[in-house]
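The values are calculated or read from the model by the stated rules, or taken from the named source; none is laboratory data. On a predicted model such as this, the values are computed, not experimentally measured, just so you know. Quick reminder, even Gly has a Cβ in these numbers, built from the backbone with ideal geometry, and neighbours come from all protein chains shown.
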Amino acid sequence: MTARRKLFELADIATKARNQKSTTISPIAFEAVRKIDAIFMLDRSINGLSPEQRVAARRRDIAPLVNDLIEWMKRERAKLSRHNEVAKAMDMLKRIEVFTRFLDDGGICLSNNAAERELRGIALGRKSWLFAGSDRGGERAAVMLTLIHTAKLNDVDPQAWLADVLARIADHAVHRLDQLLPWNWKAQAARLAA
């Protein structure tokens, strides 16, 4: 959750102790991180449940903590100058619908760590792809990376999937291209294997 990151930096005792330049820990940021961590802990306990079960558990157990956090943040934010670093970190209150969307959708993960992990490879390869040959070459590379990572996120071997799809796509009906998407291809391959 990117909303937590800035608050965590303001409450990070260990890093501030090492730097010795700024040893002031924000008690408000520290309390916000503690409250957010409680939400994360409860959400971790429902990992692996179906989306419907996760929504029910989130509404029952996590929503009260989220509402408490929001009300607490509104009270604390009102006491701070708009130039205060903690106040700037609390600006997540402006995007509260986005922050609370996970309460109504069991498919949404509270953390964006998986997405950031997947993007790390692209960021590390950025210099290698700097000279893709042309804008069109860069666009093709982006499309291919999207396809490869979509396959990986669906537990599909990208090389096997691409080889099969590229071999079949010319003869495949255009109105049934969705059958070649990684999640549908995986189910079809499992049926054929059985």
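General remarks:
- Residue match in segment 98-121 (condition: part of a loop (DSSP other than H, G, I, E, B), in contact with an Asp or Glu (Cβ under 7 Å, 6 or more places away or on another chain) and either farther than 30 Å from Pro27 by Cα or not aromatic (Phe, Trp, Tyr) (or both)): yes
- Whichever residue in segment 123-133 is surrounded by fewer than 13 Cβ atoms within 10 Å (Cβ to Cβ) and either at pLDDT 80 or above or under 30 Å from Arg5 (Cβ atoms) (or both) and, among such residues, is nearest to the chain's Cα centre (by Cα): Ala123
- Verdict on Leu119 being touching a helix residue (DSSP H, G or I) at 6+ places or on another chain (Cβ under 8 Å) and modelled with pLDDT under 85: no
- Taken over segment 96-114, the residue count meeting the criterion of being without any contact (Cβ under 8 Å) to a residue 12 or more places away in the chain and either surrounded by 11 or more Cβ atoms within 10 Å (Cβ to Cβ) or closer than 20 Å to Arg60 by Cβ (or both) is 3.
- Listed by first and then second residue, the pairs with beta-carbon distance under 9 Å, at least 6 apart or on different chains, first residue in segment 72-88 and touching a residue at least 60 places away in the same chain (Cβ under 8 Å), second in a loop (DSSP other than H, G, I, E, B), are Glu85/Ser26; Val86/Ser26; Val86/Leu80; Lys88/Arg82.
- Tally, over segment 168-194, of residues that are over 28 Å from Leu119 (Cα atoms) and loosely packed, with under 10 Cβ neighbours inside 10 Å: 11
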